[in-house]
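Novice: Would you mind keeping the following structure in view while I ask a few things?
Laboratory data are not the source of any read-out in this text; all were calculated from the coordinates shown. These numbers come from a predicted model, not from an experiment.
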Amino acid sequence: MPAEAAGVKIGVLTCNVDSGWGYILGSSKEVRCNFVPNKGAGEHYVGSISKIGVDVGYTKGGVLIWDVVAPSSDTKPGALEGGYGGVSASATVVAGVGANVLLGGFDKSIALQPVSIEGNTGLNVAAGIGALNLKFDRG
């Protein structure tokens, strides 16, 4: 998909991040997420969020909220399942997403754009995310 192609905001993903201890080379925290699409039924996901780099000390849990952008609005249930990672300078992404976006999900075509972080300060927290892994909770 060319960089100038328009992506479609298909909904909002809200993730509750567990509290815990960080380690010198990184940390991993469990997440429970709810996806509220613009149309259709909501979905639940579970997974983990990882940070690579210096991360020492105890952090309180928080809430991360992302706009979900896809190539089209006709995504199937569970489309957000998969691994997400940060965008490199050479990556081609859909229009309208910023530097802290995570790409992944179905065919690596889903973009998560951070819009709010509660319990932590500033969007720089999202910039430190190394990876997000989501599993569709069919329960």
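Novice: Could you give the length gained on full extension between ASN16 and LYS135, defined as 0.36 nm per residue of separation minus the Cα-Cα distance, in nm?
Specialist: 41.4 nm
Novice: Using modelled amide H (1.01 Å from N, peptide plane; none on Pro or chain starts), what sits under 5 Å from the amide H of GLY130, excluding residues fewer than 5 places away?
Specialist: Answer set, sorted by chain and number: SER50, LYS51, ILE52.
Novice: Subtracting the Cα-Cα distance from 0.36 nm times the residue separation, let me have the gained length for VAL115 to LYS76 in nm, one decimal.
Specialist: Gain on stretching VAL115 to LYS76: 11.7 nm.
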